[in-house]
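This is the structure I have questions about; it appears just below.
The values are calculated or read from the model by the stated rules, or taken from the named source; none is laboratory data. Since the structure is predicted, the reported quantities are computational estimates derived from the model, not experimental observations. For neighbour counting, all protein chains shown are included, and Cβ atoms are generated from backbone atoms with ideal geometry for every residue, glycine included. Protein only, heavy atoms only, side chains kept; ligands, DNA and RNA dropped before computing areas. Shrake-Rupley method; radii C 1.70, N 1.55, O 1.52, S 1.80 Å.
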Amino acid sequence: MSRKVDSVKDINDSKETGRLAVRIMDVWSVVNNKGIEHLEMIVMDSLGDRIQVLIRHDHLLKWKEVIKENMTCIINNGSAYNNDFQWKVCDHSKKIVFLDGTTMKAIELQNIPPKGYFFKDFGEILQCKCKTDRLEDIIGAVSEINHIQSNTPGKKVVVSVVLKDLKGNCINCNLWEIYGSNFLAYYNDPKNNGAIVILLTHAMVKDGQVSNAWSGSKLLINEDIPEIQDFMSKLPTNEQKEKPTQSAKSLSNWSGGSQYSPVERFVHNAKCMSLSQFCKIKHETLCVTVATTLKFAVSKCGWFYYGCTRCSSKAPNPEKAYECSCGQKVEQPIPRYKIEIYVSNGESKYRFVFWDSECAAILGMTAEFMHNSMVENGEDDPMVYPDELEMLLNKEMAFRVKVQPTFSQASVWKLSDDEAFVKEIENDYIVEDV
């Protein structure tokens with residue numbers, strides 16, 4: 001008579017003759033400060049329940065070449081102990097330890113879910129709603145490299161990047177040693193252009209930021225896997241094409257950094273021209289220019305639109321729930337900035353369209369927050385422009401825009417109001433009319 005399979009959620013320390021049918025979700029090697037190696041892995045059953053597994057050093061040779069990530073198998077006779085790992089990868093209160101009598105047989109099990117990731121919400125990280133001993137999976141687009149520490153005597157390589165999720169939340173991510181070196185190798189390869197989406201497994205979370213663990217973390221950069229490709233496809237089109245920039249601080253700390261300065265990245269693959277030349281453009285063109293915001297161009301929709309809670313796409317009906325093309329199930333669409341502003345330079349003037357993320361960065365508040373504040377004060381007409389929007393005016397800025405001559409407008413992709421940055425672009429890159 002064959003033994004029945006136990007469920008992972010029911011594992012306790014009452015017996016050592018358990019039988020599990022599982023998929024090996026992840027496996028990694030850990031070497032302690034004495035140079036002694038052991039294996040750890042995470043397994044999942046058909047119900048989606050997970051538990052962490054320990055294979056001690058004295059059993060290492062028996063299992064190291066046998067165990068393969070993503071394989072399905074039957075495991076017999078493991079001992080259950082309290083999960084006292086310093087860093088936990090799942091919520092199960094127990095861990096399994098392989099014994100001398102533990103057996104494992106690879107077998108095809110179709111009823112167990114495929115290997116996947118359990119991504120931590122950036123909002124929860126920023127609000128410090130994370131267990132301090134828990135390792136998390138993270139996915140996000142690199143919006144900026146803000147610090148690079150090179151490998152010098154007494155110092156380890158560390159690359160600090162800003163990761164942004166599809167809701168616009170941003171967190172700092174520190175990549176240490178080989179993880180930082182691998183990121184820089186990818187970033188500095190001239191063949192790699194456009195957005196960078198990274199997936200980091202087993203990330204340590206502390207004080208609203210994340211970093212790789214010393215053992216077990218995997219760093220995937222723009223890999224051809226569904227999770228990364230799906231995330232990339234949901235980025236706004238302009239962000240998919242933009243390679244993240246390095247801050248001036250990161251460049252000063254890195255002797256072997258990118259061959260491009262922040263300004264050079266800003267103007268990369270764009271035509272730099274004065275505003276007066278925009279009227280001569282006949283086709284959609286990516287341009288960089290310098291101009292001063294002058295006044296609002298009041299549109300028929302006002303200063304915001306209702307959009308998806310994850311991406312920036314417009315909701316079909318602001319009063320109805322729907323499923324967005326990005327896959328998000330939207331119960332209540334939220335206000336997002338879309339503000340048309342006339343900009344000027346000398347005698348020239350052109351209409352620019354400012355989008356949600358750029359406006360929120362300048363104003364320091366989301367469109368949803370601003371709209372809710374207006375409603376609380378008895379005003380819900382989108383054609384009434386709140387006083388706070390005046391902060392967008394009378395600013396000289398460098399703009400990276402897509403000029404759309406059919407509509408006599410330019411859509412803002414990136415901007416900077418840093419005085420030195422603006423002057424460098426104006427003096428060194430803008431070609432005036434002749």
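Being outside any strand (DSSP E or B) and either of a type in the set (Ser, Thr, Tyr) or under 25 Å from Ala360 (Cβ atoms) (or both) is true for just one of Val401, Val422. Which residue is that? Walk me through it before giving the result.
Working: Val401 fails: outside any strand (DSSP E or B).
Among Val401, Val422, only Val422 is outside any strand (DSSP E or B) and either of a type in the set (Ser, Thr, Tyr) or under 25 Å from Ala360 (Cβ atoms) (or both).
Can you tell me which residue among Lys15, Lys4, Lys105 is in a strand (DSSP E or B), open to solvent by 50 Å² or more (accessible area, probe 1.4 Å) and either farther than 23 Å from Ala203 by Cα or in contact with a Phe, Trp or Tyr (Cβ under 9 Å, 6 or more places away or on another chain) (or both)? Talk me through it step by step, then tell me what you get.
Numbers: Lys15 fails: in a strand (DSSP E or B); Lys4 fails: in a strand (DSSP E or B).
When all the criteria are applied, what remains is Lys105.
Give me a count of the residues in segment 50-79 that are open to solvent by 30 Å² or more (accessible area, probe 1.4 Å) and without any contact (Cβ under 8 Å) to a residue 24 or more places away in the chain.
Adding up the residues that qualify gives 5.
Out of everything in segment 163-189 that is more than 28 Å from Asp133 (Cα to Cα) and either in contact (Cβ under 8 Å) with a residue 60 or more places away in the chain or in a strand (DSSP E or B) (or both), what residue ends up being most open to solvent (accessible area, probe 1.4 Å)?
Initial filter on segment 163-189 (more than 28 Å from Asp133 (Cα to Cα)): 184-189.
Narrowing the set further to residues that are either in contact (Cβ under 8 Å) with a residue 60 or more places away in the chain or in a strand (DSSP E or B) (or both) leaves 184, 187-188.
Working: Leu184: 11, Tyr187: 1, Asn188: 42 Å².
Only one residue fits best here, namely Asn188.
With Glu124, Glu144 as the choices, which residue is farther than 23 Å from Val43 by Cβ, without any contact (Cβ under 8 Å) to a residue 40 or more places away in the chain, not in a loop (DSSP other than H, G, I, E, B) and not polar (S, T, N, Q)? Spell out the reasoning first.
Working: Glu144 fails: without any contact (Cβ under 8 Å) to a residue 40 or more places away in the chain.
So the residue among Glu124, Glu144 that is farther than 23 Å from Val43 by Cβ, without any contact (Cβ under 8 Å) to a residue 40 or more places away in the chain, not in a loop (DSSP other than H, G, I, E, B) and not polar (S, T, N, Q) is Glu124.
Same structure, new question: Which of the residues belonging to segment 30-48 are open to solvent by less than 50 Å² (accessible area, probe 1.4 Å) and either farther than 22 Å from Val66 by Cα or in contact (Cβ under 8 Å) with a residue 60 or more places away in the chain (or both)?
To start, the set of residues in segment 30-48 that are open to solvent by less than 50 Å² (accessible area, probe 1.4 Å) comprises 30, 37-45, 48.
Scanning segment 30-48 gives Val30, Glu40, Met44, Asp45, Gly48.
A further question follows. Which pairs have Cβ atoms under 8 Å, sit 6 or more apart or on different chains, and link a residue in segment 208-220 that is modelled with pLDDT under 90 to one that is among the hydroxyl-bearing types (Ser, Thr, Tyr)?
If the second residue must be among the hydroxyl-bearing types (Ser, Thr, Tyr), the pairs left are Ser215/Ser29; Gly216/Thr201.
Name the one entry in Ile112, Ile96 that is assigned to a loop (DSSP other than H, G, I, E, B) and of a type in the set (Val, Ile, Thr). Give the derivation first.
On the way: Ile96 fails: assigned to a loop (DSSP other than H, G, I, E, B).
From the options Ile112, Ile96, the qualifying one is Ile112.
Turning to a different aspect of this structure: Can you say whether Ser79 is over 23 Å from Pro113 (Cβ atoms) and hydroxyl-bearing (Ser, Thr, Tyr), as far as the supplied structure shows?
Values: over 23 Å from Pro113 (Cβ atoms): yes; hydroxyl-bearing (Ser, Thr, Tyr): yes.
Yes; evaluated as a whole, the condition is true for this residue.
Additional query: Name, by its number, the condition in (1) surrounded by 22 or more Cβ atoms within 10 Å (Cβ to Cβ); (2) assigned to a helix (DSSP H, G or I) that does not hold for Val159.
(2)
Residues that are of a type in the set (Lys, Arg) and in contact with a Gly (Cβ under 6 Å, 6 or more places away or on another chain): does segment 284-302 have at least one?
First, pick out the residues of segment 284-302 that are of a type in the set (Lys, Arg): 295, 300.
Keeping just the survivors that are in contact with a Gly (Cβ under 6 Å, 6 or more places away or on another chain) gives none.
No, that holds for no residue.
Further, regarding this structure: Of all residues in segment 332-366 being small (Gly, Ala, Ser) and closer than 21 Å to Thr237 by Cα, which is surrounded by the fewest Cβ atoms within 10 Å (Cβ to Cβ)?
Let us first name the residues in segment 332-366 that are small (Gly, Ala, Ser), namely 344, 346, 348, 357, 360-361, 364.
Then keep just the ones that are closer than 21 Å to Thr237 by Cα; that gives 357, 360-361.
On the way: Ser357: 19, Ala360: 18, Ala361: 12.
So, considering only residues that are small (Gly, Ala, Ser) and closer than 21 Å to Thr237 by Cα, the one surrounded by the fewest Cβ atoms within 10 Å (Cβ to Cβ) is Ala361.
Can you pull out every residue in segment 194-207 that is touching a residue at least 60 places away in the same chain (Cβ under 8 Å), out of contact with any Asp or Glu (no Cβ under 6 Å at 6 or more places or on another chain) and either over 29 Å from Trp413 (Cα atoms) or not aliphatic (A, V, I, L, M) (or both)?
Once the filter is applied, which keeps residues that are touching a residue at least 60 places away in the same chain (Cβ under 8 Å), out of contact with any Asp or Glu (no Cβ under 6 Å at 6 or more places or on another chain) and either over 29 Å from Trp413 (Cα atoms) or not aliphatic (A, V, I, L, M) (or both), segment 194-207 yields His202, Met204, Lys206, Asp207.
Shifting gears a bit: Within segment 281-296, restricting attention to residues that are open to solvent by 20 Å² or more (accessible area, probe 1.4 Å) and not in a loop (DSSP other than H, G, I, E, B), which residue is nearest to Ala360 (Cα to Cα)?
Phe296
So if I check each of Arg351, Arg336, which one is touching a Gly at 6+ places or on another chain (Cβ under 6 Å) and either under 25 Å from Leu392 (Cα atoms) or assigned to a helix (DSSP H, G or I) (or both)? Walk me through how you get there before you give the answer.
Numbers: Arg351 fails: touching a Gly at 6+ places or on another chain (Cβ under 6 Å).
Going through Arg351, Arg336 in turn, the sole match is Arg336.
Step by step: first the residues of segment 297-308, then only those that are among the hydrophobic types (A, V, I, L, M, F, W, C) and surrounded by fewer than 17 Cβ atoms within 10 Å (Cβ to Cβ), then the one that is nearest to Cys324 (Cα to Cα). Which residue is that? Break it down into steps so the answer makes sense when it comes.
Of all residues in segment 297-308, those among the hydrophobic types (A, V, I, L, M, F, W, C) come to 297-298, 301, 303-304, 308.
Narrowing the set further to residues that are surrounded by fewer than 17 Cβ atoms within 10 Å (Cβ to Cβ) leaves 297-298, 301.
Values: Ala297: 29, Val298: 28, Cys301: 21 Å.
If we take residues in segment 297-308 being among the hydrophobic types (A, V, I, L, M, F, W, C) and surrounded by fewer than 17 Cβ atoms within 10 Å (Cβ to Cβ), then Cys301 is nearest to Cys324 (Cα to Cα).
Related question: If you take the residues in segment 395-414 that are farther than 15 Å from Arg351 by Cβ and open to solvent by 40 Å² or more (accessible area, probe 1.4 Å), which one is modelled with the lowest pLDDT?
In this case the residue turns out to be Lys414.
Report whether or not Val89 is open to solvent by less than 20 Å² (accessible area, probe 1.4 Å) and modelled with pLDDT of 95 or more.
It is false that Val89 is open to solvent by less than 20 Å² (accessible area, probe 1.4 Å) and modelled with pLDDT of 95 or more.
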